[in-house]
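A.B. asks: Structure provided below as structure tokens; questions to follow.
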Amino acid sequence: MSGQIDDLPPLREVIARHGLMAKKALGQNFLLDLNLTARIARQAGPLEGHDVVEVGPGPGGLTRALLAEGARRVIAVEKDPRCLPALAEIADRYPGRLEIVEGDALETGLADMVRSPARIIANLPYNVATPLLTGWLLTEPWPAWFSSMTLMFQREVAERICAAPGSKSYGRLSVLSQWRCEAEIAFDVGPKAFTPPPKVTSSVAVLYPRGNPLPCPADALQRVTAAAFGQRRKMLRQSLKSLGGADLLERAGIEPERRAETLDIAEFVALANALSG
Ligand code: SAM
């Protein structure tokens, strides 16, 4: 069950020895099956010659897989100081390859810590998963400092990231994600794979940054998607009224009777350019 990817002790033993009782406030749902963490590590493509940024290593199940799969270096940002001694044992096992940063990933500038090429791979704390992703998607300059993001989310969030126009899940996060990345759900992970089990199913999503996203200012795109999906059932001439309504839509070449969820990424980009131009 726990897998044999290295000669370190099983994660259950690590958790017991370091007293790592999961804290809900930190979104702690640990993965103890090292075969599963190895599958997540492999999902993004080869790790040899890559730096990997991991948010929330916890007791280190995914961290160990990233190192065993050949990552050149793992930079792991963890908010819970209780996890640091367990992570230090992994760092000793892989000299010079694991850098542990104690802190809040929302406030830690990661771009300066990595050498290219780099990937982001994480079983994210669900309470901050969306703001973390949004921060990475809004990275400047673009192309970003990472060549892929392989991230565990609640399935409902992964569906929003990857949703196509016209679907119920299509919204602000879909537009921002797909504007800058190609995004797909790789596989689902049931609650029982985690300790403690969360209430919902999770999914691993993979996002590959686009080399040339359609050009538009990110802040204008954020403003039009916030207004359009803020009243998603209304016609755009109504929901976008405060941004120029029918006039803005005409400049973007979009019929005013349409609703937010029918617009594709290129049409939102046209709206953002009309707004900022
Ligand atoms: N990677 C481990 C695994 O797969 O078993 C743990 C994943 S657990 C879902 C999320 C981890 O993120 C926890 O270790 C938690 O302490 C950490 N965490 C929560 N909020 C954080 C933040 N803002 N910055 C960095 N780490 C955070």
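The values are calculated or read from the model by the stated rules, or taken from the named source; none is laboratory data. Worth saying up front: this structure is predicted, and the values here are computed from it rather than measured. Because the Cβ atoms are built from the backbone with ideal geometry, glycine has one as well, and the counts that use them run over all protein chains shown. When the accessible area is computed, the model is the full protein with side chains, heavy atoms only, and any ligands, DNA or RNA have been set aside. Shrake-Rupley method; radii C 1.70, N 1.55, O 1.52, S 1.80 Å.
A.B. asks: If the requirement is being buried (at least 19 other Cβ atoms within 10 Å of the Cβ) and either among the aromatic types (Phe, Trp, Tyr) or over 30 Å from LEU32 (Cβ atoms) (or both), which of these qualifies: ALA246, ALA252?
C.D. replies: ALA252
A.B. asks: Can you tell me which of (1) open to solvent by 20 Å² or more (accessible area, probe 1.4 Å); (2) more than 20 Å from the chain's Cα centre (by Cα); (3) not β-branched (Val, Ile, Thr) is the one LEU34 doesn't meet?
C.D. replies: Unmet condition: (1).
A.B. asks: Kindly indicate which of GLU48, GLU107 is over 18 Å from the mean Cα position of the chain (by Cα), over 24 Å from VAL189 (Cβ atoms) and open to solvent by 10 Å² or more (accessible area, probe 1.4 Å).
C.D. replies: On inspection, the qualifying residue turns out to be GLU48.
A.B. asks: Right, another one. Can you tell me which residue within region 1-31, out of those that are open to solvent by 30 Å² or more (accessible area, probe 1.4 Å) and touching a Leu at 6+ places or on another chain (Cβ under 7 Å), is modelled with the highest pLDDT?
C.D. replies: The selected residue is ARG12.
A.B. asks: Moving on to the next point. It is to be established whether one or more residues within region 140-150 are open to solvent by less than 10 Å² (accessible area, probe 1.4 Å), out of contact with any Gly (no Cβ under 9 Å at 6 or more places or on another chain), within 16 Å of the ligand (Cβ to nearest atom) and not polar (S, T, N, Q).
C.D. replies: Yes: region 140-150 contains one or more residues that are open to solvent by less than 10 Å² (accessible area, probe 1.4 Å), out of contact with any Gly (no Cβ under 9 Å at 6 or more places or on another chain), within 16 Å of the ligand (Cβ to nearest atom) and not polar (S, T, N, Q).
A.B. asks: Within region 64-78, is there a residue that is assigned by TED's automatic domain parsing to the domain that holds LEU132, crowded, with 17+ Cβ neighbours inside 10 Å, within 7 Å of the ligand (Cβ to nearest atom) and not in a helix (DSSP H, G or I)?
C.D. replies: Scanning region 64-78 turns up at least one residue that is assigned by TED's automatic domain parsing to the domain that holds LEU132, crowded, with 17+ Cβ neighbours inside 10 Å, within 7 Å of the ligand (Cβ to nearest atom) and not in a helix (DSSP H, G or I).
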